[in-house]
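The values are calculated or read from the model by the stated rules, or taken from the named source; none is laboratory data. As the structure is a computational prediction, the values presented were derived from the model and not from experiment. Glycine also receives a Cβ, built like all others from the backbone with ideal geometry; neighbour counts cover every protein chain displayed. To get the accessible areas, we keep the full protein, side chains included, count just its heavy atoms, and leave off ligands, DNA and RNA. Shrake-Rupley method; radii C 1.70, N 1.55, O 1.52, S 1.80 Å.
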Amino acid sequence: MRITCPFCGERELGEFTYLGDAKPQRPAADAGEDAVYNYVYLRDNIAGVMSEHWYHGGGCRAWLKVTRNTLTHEISAVEAAAGAGAAKVGA
Amino acid sequence: MAGDQANRLTSGGLIDRSTALSFRFDGKNFLGFKGDTLASALVANGVKLVGRSFKYHRPRGILTAGSEEPNALVELRSGARREPNTKATTAELYEGLEAASQNRWPSLNFDVMSVNQLFSPIFVAGFYYKTFMWPAKFWEAIYEPAIRRAAGLGRAAGVSDPDHYDKAWAHCDVVIAGSGPAGLAAALAAGRSGARVILCEEDFVVGGRLLADGGAIDGLPAAEWVARAVAELAAMPDVRIMTRTSLFGVYDGGTYGAIERVNDHLPVPPEHQVRQRLWRIVAKRCVVAAGAIERPVVFAGNDTPGVMMASAMRSYINRYAATPARRIALFTNNEDGWRTAETAIAAGLQVAAVIDARPDVSPAHRSLASKGGFPVLHGSVSGVDGGKGGVRKISVSLTGGARAEVEADGLAVSGGWNPAVGLTSYHRGRPKWRDDIAAFVPDGAPPGMVAAGAANGAFGLGACLREGFEAGAAAARDVGRSGNIGSMPVADDEAFSITPLWHVAGKGKAFVDQQHDVTASDVELAQREGFQSVEHLKRYTTLGMATDQGKTSNVAGLAIMAAVSGKSIPETGTTIYRPPYVPVAIGAFAGHHRDENFHATRLTPSHHWAAEQGAVFVDTGLWKRAQWYPRAGEKDWLESVTREVKAVRNGVGFCDVSTLGKIDVHGPDAGAFLDRVYINAFSSLAVGKARYGLMLREDGIVYDDGTTSRLAEDHYFLTTTTAKAGLVMQHLEFCRQVLFPELDVQLTSVSDQWAQFSIAGPKTRDLLKEVVDPAEDLSNEGFPFMGAREVQLCGGLKARLFRISFSGEMAFEISVPARYGEAMARNLMIAGKPFGVTPYGTEALGVMRIEKGHVAGPELNGTTTAGDLGLGKMMSTKKDFIGRVMAGREALVAPNRQVVVGIKPTDKARRLRSGAHIIPKGETPGPENDQGYVTSVCFSPMLDQWIGLGLVERGRERIGEIVRAHDPLRSEDYDVELCNSVFYDPDGGRQRG
Ligand SMILES: [Zn+2]
């Protein structure tokens, strides 16, 4: 598999680490135990197109959101995580 | 006759007659020529019997002339280089080649195990599952070893492979598998367009079937056209022709696996060269021009030496000028098979008869028969009379029911051609059936791949060139190459007609899979026993599971299954295709990653100095760390470690702790960021101070710990454990980039940038004063416990100094740029000499941390909470942090959790062992009474006894209680006391002093 990192270009799978489903959002501090439980443990196991977190540890260390078909391994989109890349000075 | 190349034609062939090569087969000397394979040289020397079969030890000869060979497997080379199951049909001949036949004892001619044939009823399909089932213990002791000796392939060398293997990457626009007419035409079109092309050819000569079958292309004899095409391609700077290279696999994203047999054609690879190289080729497009494989017809005795594929016979005669037989019978069901009769006659050999299963034979062939003086029999071969000496007589069932016999010493068989659909069918592709050629052809292919020529079911030479050229041009166009592709090579198409024929009924064993000895009746038996699905058929009979992966047998097997189950062939379908297409040595997959290079080795900055000191090293992850420094006269490790601990506790010692993960955290939100990843607060940490921090996973379990210092308002220096250095960096980057992108903070891994030493003991300050610039205030007031700041060393070097202690002694950790690490160690030794400075290793480090009750890896084991470790009070209630909510779950705060506690045997002389289970006094050891276990132990020089830490149910409430340490692995059971986990200097006065 090859992933096109927005910073580094098309690179080989061995440079990346898989984390998993990118859909769940970390709940706010006051969201309560059930919300955090869902966030930590509940995952869809999708046979098809899925949004996933990948880490380019063998390259720029960016966390990426990769849209991948789990049946064909076809990657249709790669975007950097919101906080990847340069510091948000003045943001 | 053997040994004199009696079966070599006096002229012709692509062999270099000026270079004779001597070789040995089963201890006998032979001669061949450069350009031969082992198989062609054996054919030239009249050797027909080359091996015994897998289960029945039947005599076997050479069936094919390529990588699809099921029978002619040999042990090539000897000693450490002995390579079993090597195909004689692809092994290039070299001077001094040594090969031995397999599966026979004591000799190929007289094989004791051929009595297996008498017991053949027990070797039928599924015999592994049916026989030898009882008693169970007999399987391992008796049945399996006996079966393995009787039924098996070659022997592995049994010793380490002395050769090197390499792994390499290549990138191109178009990779082409196969250099026959389709592959060459594809390469020409793509290359002329300006595309970057890699052309892989498994043979050592370019040309594919053109080498054996000739023909005319663009008005030139095939050989001349090939030479011209190769010259044109060689002149293109972006075209690379790789011979001896098989494309064996297709992986995601246009990545292809290829194995290059760099030096298999030499006795030993030249110095500093590899034997094989595993390529990963990244290509935008792939043209599969892998050709087709001629298939046998299944009939009784079809495994007799001398029965050979018709196309293979042409290869031996035309390419190698070697004649497999003198009087050849041909059995064909298609037009193409007749070419062998033409070749035989052209070579001056006798044709005994052509047995054609089709109703009609063309007038041209009829006139060939009358000119050649041989009969054309309409019908099928139903039996072969012969043995280890080869074919003698052939029985023919004539159309209409009559029988005939043909005397011949060789039988050429053509059952039609199967396109090589392996590569196109990876990624779970399923080929589709084409009635007109009675074969499976690709039905689509993995992304970016297309089949052309015979691999696509286009068997005519003209069609191969056309499809190849068009595929090459299209591939180049797809990747944006638009150069002038010139004119397409042109040739005539041969006529093709076929009457499908898979199996001819007859008396005796009729083999479908010759390598695994699977017969037609095994397939029929599988059907009767309910194993009708092709996937079941494969596993029940082992059809197609041998090293040839059923290249000559799979289609026949499923066709027979289709016939007996009353289904069509497409309804029956194919099994799933999986790489590798040809066997690939494990050594090639490993490449240089073996032995001491299995993984990278990381050396600490002071490694070479430590080695000079005679340190014993221990592997911790990829690191080599000094474990202890033995001195002359010390009788064991314990004596050395005890000395090191005492030296630190009474004087001063130092230890390289550079393996800790080190991360610089910069930015205005650095403090806020650390507040969210640690359970305790860091935004409140004063500049110039250090603090111990604990991280949880989001599920509330402890993840890692370490000391983090604030060097400036917007700059923290964070340390991790050695084991988690990389993972914590990844985790923190996730927190920064994904969870908290709103924070203005940056992380920099500086683990490799800083050499870090722990200097510990009451004389630490004395030693440091010799190293640190006198202007720096190191007094308790000027540099208090948990202080952290940059200092200047004598000589001007800037260092980071932290007053932190893992040993419980007055201690500092000092960081210098990594390139000064070794000099720092040497300098500490010199400067510390007056104070008796002692280097200490990880063992002494571990002893002192256990004496102080500090938790480490055995306690941070992925199951413990902060509370379990006695650090629950560190959890801030004023902020959110990773793991906060889940850490509050009922079971994670239950009062009966196993928590860290000190443990010491009541008998002071007793050795405590980690792993021992804690059982209450008076209870029976067992899961129901198991209250925890010992996690870390050491011999404490300060307490003069073995001590340890453990995770024990309600441990901290039970200080003083005597319990049992039950250790069934070591058959030990003894009393221990639960105690305070801080064994030494419990009020911590020493480290603050
Ligand atoms: Zn990157």
Inset, instruction - Find, among the trypsin sites (Lys or Arg not before Pro) in region B:551-653, those assigned to loop by DSSP (not H, G, I, E, B) with at most 10 other beta-carbon atoms within 10 angstrom. - result: B:K635
Inset, instruction - Pop a pseudo-label 7 angstrom from the Cα along the beta-carbon direction at both B:D478 and B:R889 and give the gap in nm to one decimal. - result: 4.8 nm
Inset, instruction - Compute the accessible area per residue over chain A, keeping the other protein chains in place, probe 1.4 Å, unit Å². - result: 55 Å²
Inset, instruction - Given the options A:L64, A:L42, A:L13, state which has the largest fluctuation in a GNM of chain A using a 10 Å cut-off (strictly under) for Cα springs. - result: A:L42
Legend entry - Cut-off of 10 Å, at most 14 other beta carbons, DSSP loop: longest stretch of chain B lacking such GluC sites (Glu not before Pro): B:272-528
Legend entry - Rounded D (µm²/s) - region A:2-80, Kirkwood Rh over Cα pairs, Stokes-Einstein at 37 °C, 0.692 mPa s: 243 µm²/s
Legend entry - Whole-Å distance, taken between Cα centres, linking region B:153-168 and region B:718-744: 42 Å
Legend entry - Size of the B/A contact, given as accessible area buried on both chains, probe 1.4 Å, in Å²: 2600 Å²
Inset, instruction - Using the structure shown, select from B:K432/B:K507; B:K624/B:K662; B:K763/B:K852 the pairs with a Cα to Cα distance greater than 28 angstrom. - result: B:K432/B:K507
Inset, instruction - Mind giving me the nanometre distance, one decimal, between the label points for B:Q613 and B:E972, set 7 Å out from Cα along Cα→Cβ? - result: 3.0 nm
Inset, instruction - Could you tell me which of rounded, prolate or oblate describes region B:338-451, using a ≥ b ≥ c as the square roots of the eigenvalues of the alpha-carbon gyration tensor, with rounded for a/c under 1.5 and, failing that, prolate when a/b is larger than b/c and oblate otherwise? - result: prolate
Legend entry - Among B:A562, B:G183, B:I576 the positive-end extreme of the charge dipole of the protein assembly as shown (Cβ point charges): B:A562
Inset, instruction - Express in whole angstrom the spacing between the alpha-carbon centres of region B:911-972 and region B:552-627. - result: 41 Å
Inset, instruction - Report, largest value first, the span of the C-alpha coordinates of the protein assembly as shown along each principal axis, in whole Å. - result: 115, 70, 60
Inset, instruction - Return, in residue-number order, each cysteine of chain A whose C-beta is not under 4.7 Å from any other cysteine's C-beta. - result: A:C60
Inset, instruction - Determine Rg/Rh for region B:159-200; Rg is computed over alpha-carbon atoms and Rh is the Kirkwood hydrodynamic estimate from the same atoms. - result: 1.25
Inset, instruction - Using protein chains only (no ligands, no nucleic acids) and a 1.4 Å probe, work out which residues of region B:256-287 have their accessible area cut by at least 20 Å² relative to the chain alone. - result: B:V282
Legend entry - Nearest-0.05 FRET efficiency for A:D30 and B:A231, computed from C-beta distance (R0 56 Å): 0.15
Inset, instruction - Provide the three semi-axes, in whole Å and in decreasing order, of the ellipsoid equivalent to region B:387-499 as defined by the square roots of 5 times the Cα gyration tensor eigenvalues. - result: 39, 18, 14
Legend entry - region B:895-992 shape via C-alpha gyration tensor axes, a/c threshold 1.5: oblate
Inset, instruction - Over chain B, average the accessible area per residue using a 1.4 Å probe and give it in Å², no decimals. - result: 39 Å²
Legend entry - Within 10 Å of each Cβ in B:731-738, the average number of Cβ atoms from other chains: 6
Inset, instruction - Tell me the trypsin sites (Lys or Arg not before Pro) within region B:876-906 that lie in a loop according to DSSP and have at most 13 other beta-carbon atoms within 10 Å. - result: B:K878
Legend entry - Inter-chain Cβ neighbour average for residues A:53-65, partner chain, 10 Å: 3
Inset, instruction - Report in % the part of the accessible area of chain B that belongs to carbon and sulfur, leaving out ligands and nucleic acids; probe 1.4 Å. - result: 53 percent
Inset, instruction - Could you give the DSSP H helices of chain B that reach 24 angstrom or more along their long axis (alpha carbon positions) and whose average Kyte-Doolittle hydropathy is no lower than 0.0? - result: B:461-478
Inset, instruction - Hey, could you grab the Kirkwood Rh for chain B? Inverse mean 1/r over distinct alpha carbon pairs, Å, one decimal. - result: 33.9 Å
Inset, instruction - Using only the Cα atoms of region B:520-599, build the gyration tensor, take square roots of its eigenvalues as a ≥ b ≥ c, and label the shape rounded, prolate or oblate: rounded if a/c is under 1.5, else prolate if a/b is larger than b/c, else oblate. - result: prolate
Legend entry - Contour excess over end-to-end distance, with Cα ends at B:H536 and B:S22 and 0.36 nm allotted per residue: 180.4 nm
